[in-house]
1. Filter segment 137-147 for residues that are open to solvent by 10 Å² or more (accessible area, probe 1.4 Å) and under 23 Å from residue 95 (Cβ atoms); which is nearest to the ligand (Cβ to nearest atom)?
2. With the requirement that a residue be free of Cβ contacts under 8 Å to residues at least 40 places away in the same chain, within 16 Å of the ligand (Cβ to nearest atom) and open to solvent by 30 Å² or more (accessible area, probe 1.4 Å), what does segment 76-96 give you?
3. Can you tell me which residue among 48, 39, 15, 24 is aromatic (Phe, Trp, Tyr) and farther than 28 Å from residue 162 by Cβ?
4. Quick test for you: out of 224, 234, 254, pick the one residue that is over 16 Å from residue 10 (Cβ atoms) and either aromatic (Phe, Trp, Tyr) or not in a helix (DSSP H, G or I) (or both).
5. Within segment 66-73, can one find any residue that is closer than 18 Å to residue 200 by Cβ and either crowded, with 17+ Cβ neighbours inside 10 Å or more than 12 Å from the ligand (Cβ to nearest atom) (or both)?
6. Consider only pairs whose beta carbons are under 8 Å apart and that are at least six residues apart or on different chains; among these, list those whose first residue lies in segment 115-129 and is within 6 Å of the ligand (Cβ to nearest atom) and whose second residue is aromatic (Phe, Trp, Tyr).
7. Mind listing whichever residues of segment 102-114 are open to solvent by less than 10 Å² (accessible area, probe 1.4 Å) and either among the aliphatic types (A, V, I, L, M) or within 6 Å of the ligand (Cβ to nearest atom) (or both)?
Amino acid sequence: MQIKENISLKDLTTFKIGGNTRYFAEIETEEDLQEALLFAGQNNLPFFVLGGGSNLLVADAGFEGLVIKIIFREAKIFEENKIETSSGVALSDLVSLALARGLSGLEWALGIPKATLGGALFMNAGAFGANMADITEQVIAFDTTENKFKTFDFVGCQFDYKNSVFKRNKNLIIWQAILKLEKKDKKEIEIEMKRVMAYRQKNHPLEYGSAGSVFKNPHNLPAGEAIEKVGLKGKQIGQAKISEKHSNFIVNLGTATSSDVKALIDLAKKQVKEKLKIDLEEESIYLDYHKL
Ligand SMILES: Cc1cc2nc3c(=O)[nH]c(=O)nc-3n(C[C@H](O)[C@H](O)[C@H](O)COP(=O)(O)OP(=O)(O)OC[C@H]3O[C@@H](n4cnc5c(N)ncnc54)[C@H](O)[C@@H]3O)c2cc1C
């Protein structure tokens, strides 16, 4: 495994924003992972696990550490309705595999660009009333504090709304998982997938770079509606804009900086708090928070 230096992160994110990482390692095997972590430890560097970069705002100043990207991609069906998959596999590939085998449970994930299984488990990604927690039977993750792989059953994953044990404990690197799906008629799966895709195309600004929904939905009001209510729909700072199509999306009009996006995030939080007494909490992840 090669550790590369000064790699641009911009094109490794769906926002298309961000500077360089000081070090970058692509991981294919368990040995690669341990070697990369040893390098980070010996050089006293923070590490960050990058999935598809679809929920990420990277600072223009970049990251003074080691970015680890798991490129080991393998997914196979067993016991008719289960998928054993590595964390680097794209969610879209799992959606296709499930459809090909007449397995239901991942239709909601159709149309999410670039996302990987690792990022989806970390976030407990979901949409249209379904999420990763519904289909996850087991996860294997590397615990960097104990230097060993650990198995998490469904309860151990501690899934919650846009949360999991993997998000709470940054020392866990998701390596592999078993998903349990439901046998269904392929035609029914296709109908649901068409519905999901039509909704996304109509309601999401897929023509621009973004990181999906910026904020978690508060209990009383969807974040997009709250932002619209305070009059920020379409608000632009620099080259970043609160989408006219969906106010919980911030889009990159072409050359947005991380500061443009962060300024919009801060403005939305401030105004929603002042006018509606609602605390918005980011769903997107920052790399690195202190540099934004
Ligand atoms: C157009 C668009 C639509 C979207 N729609 C949805 C939607 O409907 N529902 C939804 O929930 N999300 C949605 N998203 C957001 C995003 O796609 C999901 O949150 C996705 O799960 C992130 O996966 P990723 O691989 O891109 O993770 P990244 O963005 O690369 O990383 C996100 C976090 O996961 C961590 N991570 C990634 N891999 C691992 C690993 N192997 N081990 C430990 N930690 C890891 C990273 O360190 C980071 O903290 C959308 C995004 C876009 C751009």
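1. First, pick out the residues of segment 137-147 that are open to solvent by 10 Å² or more (accessible area, probe 1.4 Å): 137-138, 140, 144-147.
This time we only want the ones that are under 23 Å from residue 95 (Cβ atoms), so: 137-138, 140.
Details: 137: 17, 138: 15, 140: 11 Å.
Among those that are open to solvent by 10 Å² or more (accessible area, probe 1.4 Å) and under 23 Å from residue 95 (Cβ atoms), it is 140.
2. Within segment 76-96, 92, 93 meet the criteria.
3. Values: 48 fails: farther than 28 Å from residue 162 by Cβ; 15 fails: farther than 28 Å from residue 162 by Cβ; 24 fails: farther than 28 Å from residue 162 by Cβ.
Step by step, each of 48, 39, 15, 24 is checked, and only 39 is aromatic (Phe, Trp, Tyr) and farther than 28 Å from residue 162 by Cβ.
4. Values: 224 fails: either aromatic (Phe, Trp, Tyr) or not in a helix (DSSP H, G or I) (or both); 254 fails: over 16 Å from residue 10 (Cβ atoms).
Just a single option satisfies the conditions, and that option is 234.
5. The initial filter retains those residues of segment 66-73 that are closer than 18 Å to residue 200 by Cβ, namely none.
No: segment 66-73 contains no residue that is closer than 18 Å to residue 200 by Cβ and either crowded, with 17+ Cβ neighbours inside 10 Å or more than 12 Å from the ligand (Cβ to nearest atom) (or both).
6. Once the first residue is within 6 Å of the ligand (Cβ to nearest atom) and sits in segment 115-129, its partners that are aromatic (Phe, Trp, Tyr) give 122/166; 126/108; 127/108.
7. Correct list: 103, 106, 109.
Residues are listed down the side, and each one gets a yes or a no for (1) outside any loop (DSSP other than H, G, I, E, B); (2) within 16 Å of the chain's Cα centre (by Cα); (3) hydroxyl-bearing (Ser, Thr, Tyr); (4) assigned by TED's automatic domain parsing to the domain that holds residue 211:
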| residue | (1), (2), (3), (4) |
| --- | --- |
| 16 | no, yes, no, no |
| 21 | yes, no, yes, no |
| 32 | yes, no, no, no |
| 39 | yes, no, no, no |
| 44 | no, no, no, no |
| 52 | no, yes, no, no |
| 65 | yes, no, no, no |
| 85 | yes, no, yes, no |
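The values are calculated or read from the model by the stated rules, or taken from the named source; none is laboratory data. Predicted model only: the values in this text are computed from it and were never measured. Cβ coordinates were reconstructed from backbone atoms using ideal geometry, including for glycine residues, and neighbour counts include every protein chain displayed. Quick note on the areas: whole protein, heavy atoms, side chains included, nothing else; ligands and nucleic acids left out. Shrake-Rupley method; radii C 1.70, N 1.55, O 1.52, S 1.80 Å.
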